[in-house]
1. List every residue pair whose Cβ atoms sit under 8 Å apart, with the two residues 6 or more apart in sequence or on different chains, where the first one lies in the stretch 18-42 and is free of Cβ contacts under 8 Å to residues at least 24 places away in the same chain and surrounded by 12 or more Cβ atoms within 10 Å (Cβ to Cβ) and the second, anywhere, is in a helix (DSSP H, G or I) and among the β-branched types (Val, Ile, Thr).
2. Starting from the stretch 113-133, take each residue that is part of a helix (DSSP H, G or I) and loosely packed, with under 14 Cβ neighbours inside 10 Å and list its partners that are of a type in the set (D, E, K, R) and at pLDDT 75 or above, counting only C-beta distances under 7 angstrom and pairs at least six apart or across chains.
3. Being modelled with pLDDT of 80 or more and either in a loop (DSSP other than H, G, I, E, B) or of a type in the set (Phe, Trp, Tyr) (or both) is true for just one of Tyr42, Tyr97, Tyr60, Tyr76. Which residue is that?
4. Of everything in the stretch 137-186, what is surrounded by fewer than 12 Cβ atoms within 10 Å (Cβ to Cβ) and closer than 15 Å to Asn119 by Cβ? Give them in sequence order.
5. For the stretch 155-186, name all the residues that are among the polar types (S, T, N, Q) and either closer than 21 Å to Glu141 by Cα or modelled with pLDDT of 85 or more (or both).
Amino acid sequence: MTTRKPKECSKCGGTEFYKCGGCKQCKKERNREWVAKNRDKYLDYMREANKKHAASKKRYHEANKADRLAKDRVRYAIKKHIYNGNKKNKIYDGKTYREHYNELMRKWKRRNKHKTCANEAYRRAMLIQATPPWANKILIEKVYSVSRARTEETGINHNVDHIVPLISDIVCGLHVHENLRVITAKQNINKGNKFNTTTVITTNQ
């Protein structure tokens, strides 16, 4: 069996591409060149963007606090490992660091799938202000844990569904554990963003 040679960019030899087919490395280089030639314009744009999105950035950081702390711990562990292994010259390869970091994060997410899913949903809900201050994050994570367990037990993919959708023309629900239930992925796709007024809201056990 022959190994298929990865696609390479004819300009830089890069092997990473966007879905549209553009080379990521070439795009980065073009961006660097533009910033170097238009530094004042770039700085003005970034200042305006930071002012415009200050509130949403704050909500994002608050919603992803647990995820950010986990990433910080991983970064600290990698840097400590690299420092101890390179005490003589204290030089390390940035690419090696990124690969090591990405692999540790993938392992953490595999071990904590329910927390990852809960954090992603919590972030989305926070961005549209659907999570009230009194929401119980521990109970929310429990629902995602139940979803993961049922998927593993049955071999059928399960999702966590908002009984009352977060966005609807009729009524908008909240991202709280009372408004969550575990259903199959097929049921979730069929339901879509529709709200069934006969649905009884029950807490997942």
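1. Tyr42/Val35
2. Going by the 7 Å Cβ cut-off, the qualifying pairs are Leu127/Arg59.
3. On inspection, the qualifying residue turns out to be Tyr42.
4. Across the stretch 137-186, the qualifying residue is only Ile138.
5. Asn157, Asn159, Asn179, Thr184
The values are calculated or read from the model by the stated rules, or taken from the named source; none is laboratory data. Only a predicted model underlies this, so the values are computations on that prediction, with no experimental measurement involved. All Cβ positions, glycine included, derive from the backbone under ideal geometry; neighbour counts span all protein chains shown.
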